[in-house]
Each structure stands twice: as structure tokens, then as C-alpha cells.
Amino acid sequence: MKKQLYLAVIILLSASCSHSPQMVKWVSTTHTSCFVENPSLTMVKADGATEVTILTDQTLQTVDGFGGCLNELGWVTISALNDADRDAVIKDLFSEEGMNFTWCRMPIGANDFSRDWYSYNETAGDFEMKNFSIANDKETLIPYIKAAQKVNPNLRVWASPWCPPTWMKYTKHYACKPSPDVNDLKGSPTTDTEGTNLFIQEPEYFKAYTLYFKKFLEAYKEEGINIEMVAPQNEFNSCQIFPSCTWTADALSTFIGDYLGPQMKEIGVRVMFGTMERPNHLLVDTIMNNKSGEYISEIGFQWAGKEAISKIHETYPDMKLMQTESECGNGQNSWEYCFYTWNLMKHYFNNGISAYMYWNISLDKDPANSRWKWAQNSLISVDQVNKTYKYNPEYYLMKQFSHFVKPGAKRLKTEGAYENLLAFVNPDNSTIVIVANENDKLKTLNVKIGEQMFSVDMKPKSLNTFHVPTAKS
């Protein structure tokens, strides 16, 4: 009798559990309430029309992760905080409980948010790289990466130069465009070398620059930092007043195909082509249709490159694509620009990217306080005098993605009348739906997943992430 009663209780409990309603975690951000966990939503049987259907059986590209660029001024500002606050910021950025940044970019030598001009070897004619040194980076970039690694030992890093050593350029200067306010390069401020090569087009220089890359990778490995991928040049079409170097696609094809590509293959480092900042997909074709193409594992896009990504994705459907630098704004860190960035992210993911990189992680509260006086947005603003900091709107936008969408997730197809969203399925089979309401009024939305649905009233001007523990078929 007791055995029968026991079995009856087990069956009753099983039946009760099998009919427990499925709950959906909902986190939202508005300009007055950031990353707020709202009361959970209940999944119910889908009955009638819905504005959004998540097609859980139709997966698209795999997501490698989210991150930002590890710039010198990022570390300068973060390290200005007291120890406890600095540690808290790093934890917020790189821990799974926080932003969960897992895939970041760094410069090879000076970029536009370095402390000053520098390269790893300014000894003219040192083709054997006898005077190569990363001493500068031991003050900034290496401590930055090691602090991040302490929180996330599996942090992945890739790198690109903004400028080679000056003696490898025809102009012998870090900058490309003269500007009396920020550099001493002679010539007209209207100078623009797009479509020309500032790097000296001679075999001995190509060989020396390849050795420069190799020395950089080896020096960082000695510091316990593995750089797994390099790109040959940041924005190779852009002539700038800060460290920069223009190349033609033909010249990059020669450099990659005959020098950089074979060397990187030998030491097990991947090569990205980019960063592509122009809408001209033919520049990519020049690389991919030559010997250089066999060494390219990924193509990176930023700025106007977003207008070329659709064609590239169509032409090279199996090629991994990455968004390499989120557009930087004007330093106002406004909520309006946050929604502009949301639409950038949606565009890039809808065109096949595997990762999204923010640009400046941290800057001074007056972002024009930089070597080249360029005011830009950042995830974090730091008052270096008073040792305080604040998180800006785009911090919370990135967190609505990176906290929930795990490396290895796949983007999901969706259908329906409401299209201001993205959906993913994580490796643990949980479904993530990220939705924006850019209107000034409350928006009621019904979202169908499998045979069930949930209904939500989204606040005006809000970003919303919905975490469904298991994807229903």
C-alpha cells in the first residue's frame, strides 16, 4: 500500500512539474533606468497572430563574442581610479556576471587614442629588428590586458597597426595628413593620399615589416598574452592627422600573399583582411582573388565599410566576417546616439558578422583630452581628478547583448511585422531575443517561440533583452 501511495505521489509531482509555466527573464534599459530586471514573463500557448516569430530551427552565423579596443587611454583613465573602483570596472567589463567581453582588439604601436606617437622600432634601416622593443606597452597595454585576463583568463585578442615605423614610410612621419594643431607634418592640410601607398614598396621593407609583426607576437607571448589574429592595416584608405598609413589593395595583396601570410601561417596566427572602411567591395575582391586570399580567415568592416558587407557576405558566404570598430560619435554620449549604435549592430548582425567590437572602452570625462584632441564616445567616462566614473548609454546597450549572448551562440531567423530585433540561441539552448522600442509610446509586443509565446509592454525609448531558458520546438 505504501509503495502504491509513493508511486502515486511521484506521478502527481511529475505531472505538476511538466505543466509548470515557462518563465522569461526580462532586462530593460531606458535613459532613466539602466539594465533593470523586470518581473519575469510567462510563456503561454500561442493562440492567434503574433508580431514576431522566432524560428528556432533556422540558425544562421555563429557568434564569437563581443568586446572593445584596448587603447592606451583606456588604461590611463581606468588606472586613475582607486584600486577598488578600478577592480570593479575591470570585473564589470570582463566577467561573465558583467559585460562578459570575451574578444577584444588592440593596436600594434600608436593609434589615435595612444598617449603619443610611438612604434616598436624607430631605428632607421634596422631591417633585422635588433632594436625592437615593447617597453612602451609594458606601461599601459600589457597591464590592461593582464588585468582583464585576471578576470577572464580565456580573453581572446587580435591586433592591427595604425602605422608602421616611420622609416618604413615615404613621408617618414606617423601622420598622413598635415595639421598645424596636432602634428608637425609639412604640407597642405587638404592632403589626401587615399589610393596611394605610403608604405615603401620594396622587398626589404616588406620583409622587415613581417619580422616586426612576428617580433610583436613573440614579445607578447613572453608576457603571457596570446594574440591569435592580425590585420595588416587599420583603415588602409584613410589619410589621417594621427598615426595612419594608406595602402592600395594591390599592395596589401602583395604584402599578405608574399610576406605576412606565409609567416603568420608558419607560426599559427590567423590573418584578417581589413579593416575595411569604404563601401567598395572590389577592394576585397582584389585580395580574395589573388594569392593573398588563401591566407585570409576573416574580413573586418567598420564605418562606411558597412555599405560593402552585404555584397561581401553574398559573394563569400563561407567567410567569417567581423565588425571591427563601432562608430565613435562626438563625445556627448547621448541616448540618441545609443539608438544609432543599436541600428548599426542590427545591420551588421543581419549581414553575417560573428563579433561586434566597440571602440573606446574608457575615456576622460572631457573626451577631447587626448593627444589628437578628438572628442569621441566611450563606454565609461572617468573624472581623473576626483577619481570617479560613470557608465554611458552605450555601455548598457552593449551589455544587453554581451551579458546574454554567449560565445558559440547562433543567430536565429525571425519573421513578422515587427523587425526591430535580433534573436540568438546559446550553446545551452536558451533563446535570447533583443528588441528595441524606439518610439515615444508604450509598445505591446507578442513574441512566439515554438508553440508558445509571451506578451510584453515595452517602455518608450527602451532596449529589452528576453532570456528564455530553453528553446521550444
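The values are calculated or read from the model by the stated rules, or taken from the named source; none is laboratory data. The structure displayed is predicted, hence computed values, not measured ones. Glycine also receives a Cβ, built like all others from the backbone with ideal geometry; neighbour counts cover every protein chain displayed.
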Inset, instruction - Within the stretch 49-77, work out how many residues are crowded, with 20+ Cβ neighbours inside 10 Å and of a type in the set (A, V, I, L, M). - result: 6
Legend entry - Unmet criterion (only one of (1) surrounded by fewer than 19 Cβ atoms within 10 Å (Cβ to Cβ); (2) in contact (Cβ under 8 Å) with a residue 40 or more places away in the chain; (3) in a strand (DSSP E or B)) for N429: (3)
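Conditions (1) surrounded by fewer than 18 Cβ atoms within 10 Å (Cβ to Cβ); (2) touching a Lys or Arg at 6+ places or on another chain (Cβ under 8 Å), marked per residue:
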{"residue": "S297", "(1), (2)": "yes, yes"}
{"residue": "F301", "(1), (2)": "no, no"}
{"residue": "S310", "(1), (2)": "yes, no"}
{"residue": "L321", "(1), (2)": "no, no"}
{"residue": "E325", "(1), (2)": "no, yes"}
{"residue": "C328", "(1), (2)": "no, no"}
{"residue": "M345", "(1), (2)": "no, no"}
Inset, instruction - Could you grab me the full set of residues in the stretch 309-350 that are under 18 Å from the mean Cα position of the chain (by Cα) and aromatic (F, W, Y)? - result: Y337, F339, Y340, W342, Y348, F349
Legend entry - Set V76, V157, V89: member being among the aliphatic types (A, V, I, L, M) and out of contact with any Phe, Trp or Tyr (no Cβ under 9 Å at 6 or more places or on another chain): V76
Legend entry - Residue check for T324: touching a residue at least 60 places away in the same chain (Cβ under 8 Å) and either assigned to a helix (DSSP H, G or I) or among the polar types (S, T, N, Q) (or both): yes
Inset, instruction - Select from the stretch 136-181 the residues that are among the small types (G, A, S) and part of a loop (DSSP other than H, G, I, E, B) and write down the one among them that is farthest from P243 (Cα to Cα). - result: S179
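Residue-wise test of (1) within 18 Å of A110 (Cα to Cα); (2) in contact with a strand residue (DSSP E or B) (Cβ under 6 Å, 6 or more places away or on another chain); (3) at pLDDT below 95.
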position: P143; (1), (2), (3): yes, no, no
position: Y212; (1), (2), (3): yes, no, no
position: E218; (1), (2), (3): no, no, no
position: V230; (1), (2), (3): yes, yes, no
position: F236; (1), (2), (3): yes, no, no
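Of the residues W158, W167, W247, which single one is modelled with pLDDT of 95 or more, within 26 Å of the chain's Cα centre (by Cα) and either over 25 Å from V76 (Cα atoms) or outside the structural domain of A368 (by TED's automatic domain parsing) (or both)?
On the way: W158 fails: either over 25 Å from V76 (Cα atoms) or outside the structural domain of A368 (by TED's automatic domain parsing) (or both); W167 fails: within 26 Å of the chain's Cα centre (by Cα).
Being modelled with pLDDT of 95 or more, within 26 Å of the chain's Cα centre (by Cα) and either over 25 Å from V76 (Cα atoms) or outside the structural domain of A368 (by TED's automatic domain parsing) (or both) holds for just one of W158, W167, W247, which is W247.
Using the structure shown, decide if P262 is in the same structural domain as W359 (by TED's automatic domain parsing) and assigned to a loop (DSSP other than H, G, I, E, B).
Working: in the same structural domain as W359 (by TED's automatic domain parsing): yes; assigned to a loop (DSSP other than H, G, I, E, B): no.
Judged against the criteria, P262 is not a match.
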Inset, instruction - Output the qualifying pairs, or none if there are none: Cβ atoms under 6 angstrom, residues six or more apart or on different chains, first residue in the stretch 135-148 and in the same structural domain as D116 (by TED's automatic domain parsing), second residue in a helix (DSSP H, G or I) and among the charged types (D, E, K, R). - result: T140/E72
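Would a scan of the stretch 365-379 turn up a residue that is outside any loop (DSSP other than H, G, I, E, B), surrounded by 14 or more Cβ atoms within 10 Å (Cβ to Cβ) and either of a type in the set (F, W, Y) or under 18 Å from the mean Cα position of the chain (by Cα) (or both)? Even if it seems obvious, please write down each step before you answer.
First pass over the stretch 365-379, keeping only residues outside any loop (DSSP other than H, G, I, E, B): none.
Looking through the stretch 365-379, none of the residues is outside any loop (DSSP other than H, G, I, E, B), surrounded by 14 or more Cβ atoms within 10 Å (Cβ to Cβ) and either of a type in the set (F, W, Y) or under 18 Å from the mean Cα position of the chain (by Cα) (or both).
Restrict the check to the stretch 179-188 and report whether at least one residue is within 15 Å of G109 (Cα to Cα), assigned by TED's automatic domain parsing to the domain that holds V269 and either free of Cβ contacts under 8 Å to residues at least 12 places away in the same chain or touching a Ser or Thr at 6+ places or on another chain (Cβ under 8 Å) (or both).
Narrowing the stretch 179-188 to residues within 15 Å of G109 (Cα to Cα): none.
No: zero hits.
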